[in-house]
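Below is one structure, written out as structure tokens, with a few remarks after it.
Bear in mind that the values in this text are calculations on the coordinates, not laboratory data. Keep in mind it's a predicted model, so treat the numbers as computed, not measured. Here the Cβ positions follow ideal geometry from the backbone for every residue, glycine too, while neighbour counts run over all protein chains shown.
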2 protein chains.
Amino acid sequence: MTREGVVEAGARHAGTPGGGASLVRPGAGSIGRLTPLGAEQVRISGGFWGERQATNRARTIPHGFDRLQATGTLGNLRLAAGMGGKYAALTDSSGAQFPFLDTDVYKWLEAVGWELGHGADPEMAAMADEAIAIIAGAQRDDGYINSFVQVLGGGAPFKDLEWGHELYCIGHLIQAAIAWQRTLGDGRLLEIAMRAADAVNLALGPRGRDGIDGHPEIEMALVELWRETGERRYLTLATRQIELRGRGLLGEGRFGPAYWQDHMPVREAPTVAGHAVRQLYLDAGAVDVAVATGDRPLLAAVIRRWTDMVATRAYVTGGLGSRHRDEAFGDPYELPPDRAYAETCAAIASVMLSWRLLLATGEARFADQIERTAFNGLLSGLSLDGTHFFYVNPLQRRSSRSATTHGDGARQPWYPCACCPPNLMRFLASWEQYLATADDAGIQVHQYATSGIEATVRGGTVRLAVETEYPWSGRVVVRVLDAPGAEWALSLRVPPGSTASTVAVNDGTATRADRVARLDRSWVAGDTVTLDLALQATVTPSDRRIDATRGCVVLERGPIVYAIETADLSSGTHVEDGEVNPGVTPVPEPRDDLAPAMVGLALPGVVHRPGSPSAEALPLRAIPYYAWANRRADAMRVWIPATTRSARDRDGGPGDPGVPD
Amino acid sequence: MTREGVVEAGARHAGTPGGGASLVRPGAGSIGRLTPLGAEQVRISGGFWGERQATNRARTIPHGFDRLQATGTLGNLRLAAGMGGKYAALTDSSGAQFPFLDTDVYKWLEAVGWELGHGADPEMAAMADEAIAIIAGAQRDDGYINSFVQVLGGGAPFKDLEWGHELYCIGHLIQAAIAWQRTLGDGRLLEIAMRAADAVNLALGPRGRDGIDGHPEIEMALVELWRETGERRYLTLATRQIELRGRGLLGEGRFGPAYWQDHMPVREAPTVAGHAVRQLYLDAGAVDVAVATGDRPLLAAVIRRWTDMVATRAYVTGGLGSRHRDEAFGDPYELPPDRAYAETCAAIASVMLSWRLLLATGEARFADQIERTAFNGLLSGLSLDGTHFFYVNPLQRRSSRSATTHGDGARQPWYPCACCPPNLMRFLASWEQYLATADDAGIQVHQYATSGIEATVRGGTVRLAVETEYPWSGRVVVRVLDAPGAEWALSLRVPPGSTASTVAVNDGTATRADRVARLDRSWVAGDTVTLDLALQATVTPSDRRIDATRGCVVLERGPIVYAIETADLSSGTHVEDGEVNPGVTPVPEPRDDLAPAMVGLALPGVVHRPGSPSAEALPLRAIPYYAWANRRADAMRVWIPATTRSARDRDGGPGDPGVPD
């Protein structure tokens, strides 16, 4: 491809076909409650998320292309395309080669697709053109594409559905293709993706054999492909994948059938189980199928699982997955902060699932969970500079952790299994699509960012400008730039927990805003809504059912979960030393040393020095959890021990007979 | 072999050569402090451990042979011997085949060796003769033996030192051989073992290449082989294995070099690290080498690691290993009760290490840890009926654990990786050897069991009879049956924590006994010592540095750690419901329903019912931790939440805004 080809691709954006360049665009006959607004309808222009998107575009995505080249991941596809080279076999902890590396390229391409929609970037487009040409070259005449199978696996497709990730790879290819088609009207990847999906359909569709992928993902991609193309076979194939699951096709595997959600049919399983990302991608696909086919019992099953998951298996950061061994959900209330797995991809998958449930039901609780996850357990996966990542997102790292602890140290520029970094890229590049929706009544704003919103309401165009310093400040100002003559409702979500939030229209009286502020009005250009979200700093004890954090408190302010880390402690003091009286009120303080406008918390703590009879004062400074490990990688904790009135369990030192462990 | 051959083997016992059929028999020039007493010098005749040994002999060992046959493990060696059959490839969680199954046969044979020393058993001996004949047939002319390499691996030895476990297997073969030689004077296995060790020496000895096994074990076996045969090359090879470790020969592996203790030289590593069983076997071998070669710095390094391990990484049960993923030690104070790995083999290995350190130093703390481990985290691996096992020994299992939690459910009759069951067999069959030692001054009794003890002291024979209902009763009566004329010291360990223990000689006044009661006297036959160990039931808060059990208490009485389990709760009540006031005193109560003479604890607890404003009384009954999961396998917990005076962290129910997780 030439530079001209690139510019042309960028130019295509102006001619985007109707329908909206959105995630989860509803298809005909859908039962969904809300309509998403696409990337051309919502545009983030500044503030917290503007900075994160700008960093993603300027630094993270170019860094990703560099890594795809340096690690050989792109080279593997090049090799499959007959362009020469040597296969870069990255391996898992058992020494087995990763068969799913192609997806890193696809997720990166999806991110580029959304980003080019934000504005042309010839350099980035050139990188993408190179990757697309390689993918086109790698695809076989029969539509099949998988560099691992083609180069190392002998070429016979769909022989290892349990571990081969072939459908998973094609799912990500489809999602990239849809981003390019919707945003840019560029159908190069879509043609490749359709042919690949047809290869799957031939082997495993209604006329093929019964088979499902060990790693769900293709289900939601296939529904989206149906939405995009109108070709019903893709929806049928997605439905078939959902319905065949839970019938033992995958066998026991390494970790039992629940690991890949094959222990019970998708519409019957009462709780989430097994590998967190697999469960969440599966349930996202199940919602898509349910909404597309009007299958309310299937939708209800997913909502039951989500409700139980958030109540019993989710970290305060929104992180999901309590176990390292099988990257899995734990038992209810099994939420160790130190050994949390809380994979970045699981946080992203959780947002994807919650978003689908929000569209399907309109219920604010799904947007609440998106917010908690996005600001905490998801963003923690990305360094402030945009080029270092966490795969695992624990809520605690000890000062005394030894050099012998492997694999959960500092942020890394990439991972041998690099699923998370490009997943972050595509998430951030499309974040504006999670902010607002429309329905017959009007517009709903679910997440707050400085942005422009445009939608068709009551037959006319609504244009809004949102300005906010959220999450650092609670004030959100929505200005109406254009509105049709008719009355319509502007609905603003009020995050839970704050009882002092208010909303005012123009110069009117501020009234209490609770959960959702719905303002029905014949809006006119120039109207202004001022939403003041109360952002009290809170100190909240852990739920008594969670053994691993019993007797501890968490600091929060607005949607932000806080943590203390070594860099903010005086020399000789460790994060393990501090205790906090649950009755104190933390004081917000600027943390421009970490990022512009960032708000930290200062609060009094106490420390019990070994051998000292009484506690000493220990001032503590907490920073947003997502921002930890951006200075020297050292100790951190989210849950801080609460001071107790009883001295009984406190002053035993090492060797004390009262200290059995 | 014929039945006659078996009887002959049993008969050989009478003619055991001098030196004692003991574990860790000291060699010439050793620097050890205490001399072990062998199986022919200490004999358990009843009480708690008498019952456990009888069950091992009558049920567990025969069950083991049945399982070795049924799983194909013995058949694999038969196949290597050219006797036909099909290889039974058991696999690990990544689908890789286990290469170390031969050790199950060797450990079982070691158990039989010690047991035949306790008394002839033609049926058991016939099983062993069959296994020994198969092993003899499987050994190659060059001395090498490993059914996996010979049958599946192409026959080239020592090609996969990282994961092949070949030296590990030969180490267990050597240990079995020594049991048979020392106990029965039966050298059949010893000849095989020496030839196998010579094959290792040829490949990896001083004239071979530099190479160490990914799984330490052979080091201590080689030292013992030197002690038994006097052949110095085995000690040299053991020393070489210790010295080559920590120099990167094994590479990064799946989990980093600390996983197999190859991150730092053995004499430098400051703390235990990585896979717990590997570390503990390695350090046991390092002590053996240090004692045999007079290498005090090496001994000091192991003691440093042991001391730190017991202070920061050991469970109250003595269990070791905090992580499932790599079966590894955690960071300091990382001791989750629910996700404890605490492998049965690690508990056994810990006893083996502590025993060597006790012999080397004479310090009671090592015997303390042996006792804590043996009565709790080790015995928990074996069902009361002797035929079901735990591989993993958590300190908590939740009521609400779902059917989707894989692999840590009920006790199993065997495991695909069956390292633990035959390890328990050999441990119990040789437990009498851990009870007492001798030195120039006299006899030291470290563990209490109804038993006979015989040793040579001051040139004469001492014979003692010990009677006790320990651990259920604290009274231990030691009668002198024979004694030389000279004065010598009887030393009795007093477990830590009890300040009210007393000791009395004959009709003398009872005096306070603290840590070690040393009684110097010209003992005569008929003298009686009465040791009264105080066994107060205690309620002890968790060390405040352990995050995972903060705010909880543990119940103990004497050496026994207690647990509550579902079977003792009224219907509708769960082990998660109970809280305990740290000020209560539990009341001992008989638990003959579980085992004769067993003592449980009864204590008042409270429960907070959802929606109820105040706590209700909840009587709790605790049983010895090791005896859990012998009724229906359900929930259990060792650490019980303590009641707190603050109502703040207590009455939030589900959905309460104060409950973030």
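Hand me the trypsin sites (Lys or Arg not before Pro) from segment B:486-582 located in a DSSP loop with no more than 16 other Cβ atoms within 10 Å, in residue order please.
Loop-located and lightly packed - B:R515.
So, with +1 on the Cβ of K and R and -1 on the Cβ of D and E, and no other charges, what is the size of the charge dipole of the protein assembly as shown about its Cα centre, to the nearest 20 debye?
So the magnitude is around 460 debye.
Can you check what the net charge comes to around A:I242, using other residues whose Cβ is under 14 Å from the Cβ of A:I242 (Lys, Arg +1; Asp, Glu -1)?
So the surrounding residues net to -3.
Gap in Å between the Cα centre of segment B:580-615 and the Cα centre of segment B:121-197?
50
Using Stokes-Einstein with the Kirkwood hydrodynamic radius over Cα pairs, what translational diffusion coefficient do you get for the protein assembly as shown at 37 °C and a viscosity of 0.692 mPa s, in µm²/s rounded to a whole number?
It comes out at roughly 98 µm²/s.
Quick one: order B:C419, A:C345 by neighbouring beta-carbon count within 10 Å, fewest to most.
In order of increasing Cβ crowding within 10 Å: B:C419, A:C345.
Could you please rank A:R195, A:R278, placing first whichever residue has the fewest other Cβ atoms within 10 Å of its Cβ?
Least to most surrounded, the residues fall as A:R195, A:R278.
Compute the length gained on full extension between B:T499 and B:T229: take 0.36 nm times their separation in residues and subtract their Cα-Cα distance, giving the result in nm to one decimal.
92.6 nm
So what is the 222 nm mean residue ellipticity for chain B from helices alone, if each DSSP H run of at least 4 adds -39500 (n - 2.57) and you divide by all residues, rounding to the nearest 500 deg cm²/dmol?
Computed ellipticity for chain B at 222 nm equals -10000 deg cm²/dmol.
Give the shape of segment A:537-641 as rounded, prolate or oblate, defined through the alpha-carbon gyration tensor: a ≥ b ≥ c are the square roots of its eigenvalues, a/c under 1.5 means rounded, and otherwise the shape is prolate if a/b is larger than b/c and oblate if not.
Oblate is the answer for segment A:537-641, as a/c is 1.5 or above yet b/c matches or exceeds a/b.
Using the Cα centre of segment B:460-531 as origin and beta-carbon charges of +1 (Lys, Arg) and -1 (Asp, Glu), tell me which of B:V503, B:T461, B:V529 is placed farthest towards the positive end of the dipole.
Of the options given, the answer is B:V503.
Using Cβ contacts closer than 10 Å as the measure, can you line up A:M127, A:M83, A:M220 from fewest to most?
Final ranking by Cβ density, sparse to dense: A:M83, A:M127, A:M220.
Just to confirm a number: summing +1 for Lys and Arg and -1 for Asp and Glu over residues other than A:A156 whose beta-carbon lies under 13 angstrom from that of A:A156, what do you get?
So the surrounding residues net to -1.
Take the eigenvalues of the Cα gyration tensor for chain B, scale each by 5, and report the square roots as semi-axes in whole Å, largest first.
Sorted largest first and rounded, they come to 39, 32, 24 Å.
Average projected area of the Cα convex hull of segment A:437-532, in nm²?
With the hull built on Cα positions only, its mean projection is 5.5 nm².
Mind checking A:545-557 for the average number of partner chain beta-carbons within 10 Å of each residue's beta-carbon?
6
Can you give the mean number of other chain Cβ atoms that lie within 10 Å of the Cβ atoms in peptide A:328-340?
The mean count of partner-chain Cβ atoms within 10 Å per residue comes to 5.
Work out the FRET efficiency for B:N506 and A:S612 from their Cβ-Cβ distance, taking R0 = 30 Å, and round it to the nearest 0.05.
It comes to 0.05.
Tell me the label-point distance for the pair A:A156, A:E191, using the 7 Å Cα-to-Cβ offset, in nm and rounded to one decimal.
With each label point 7 Å from Cα toward Cβ, the separation is 3.2 nm.
Hey, got a sec? Which trypsin sites (Lys or Arg not before Pro) in segment A:68-148 land in a DSSP loop and have at most 13 other Cβ atoms within 10 Å?
The qualifying sites are A:K86.
Which of the listed residues, B:M309, A:L189, A:V112, is farthest toward the dipole's positive end in the protein assembly as shown, when Lys, Arg count +1 and Asp, Glu count -1 at the beta-carbon?
Farthest towards the positive end: B:M309.
Rounded to the nearest 20 Debye, what is the dipole magnitude of segment B:537-641 about its Cα centre when Lys and Arg each give +1 and Asp and Glu each give -1 at the C-beta?
180
With point charges of +1 on the Cβ of Lys and Arg and -1 on the Cβ of Asp and Glu, referenced to the Cα centre of the protein assembly as shown, which listed residue (A:P157, A:V516, A:G72) lies farthest in the positive direction of the dipole?
Comparing the listed Cα positions along the dipole, A:V516 ranks first.
Roughly how big is segment B:46-130's charge dipole about its Cα centre, with Cβ charges of +1 (Lys, Arg) and -1 (Asp, Glu), in debye to the nearest 20?
So the magnitude is around 180 debye.
What FRET efficiency comes out for B:D514 versus A:D482 if R0 is 60 angstrom and r is the Cβ-Cβ distance? Round to the nearest 0.05.
Efficiency at R0 = 60 Å is approximately 0.10.
Under a Cβ-Cβ cut-off of 10 Å, what is the net charge of the residues other than B:Y448 that fall near it, where Lys and Arg count +1 and Asp and Glu count -1?
-1
Between A:R475 and A:D210, what length comes free when the chain is fully extended (0.36 nm per residue of separation minus the Cα-Cα distance, one decimal in nm)?
Contour length minus the Cα-Cα distance gives 90.0 nm.
Suppose R0 equals 51 Å; then what is the FRET efficiency for B:E268 and B:D385 from their Cβ-Cβ distance, rounded to the nearest 0.05?
0.65
Of all trypsin sites (Lys or Arg not before Pro) in segment A:417-470, which ones are in loop regions per DSSP and have a Cβ with at most 16 other Cβ atoms within 10 Å?
Hits after loop and neighbour filter: A:R458.
Restricting to lysines 8 or more places apart or on different chains, can you count the pairs in the protein assembly as shown with Cα atoms under 27 Å from each other?
Final tally of qualifying lysine pairs is 8.
Only bridges with both residues in segment B:537-641 count here: give the DSSP antiparallel percent, nearest 5.
100
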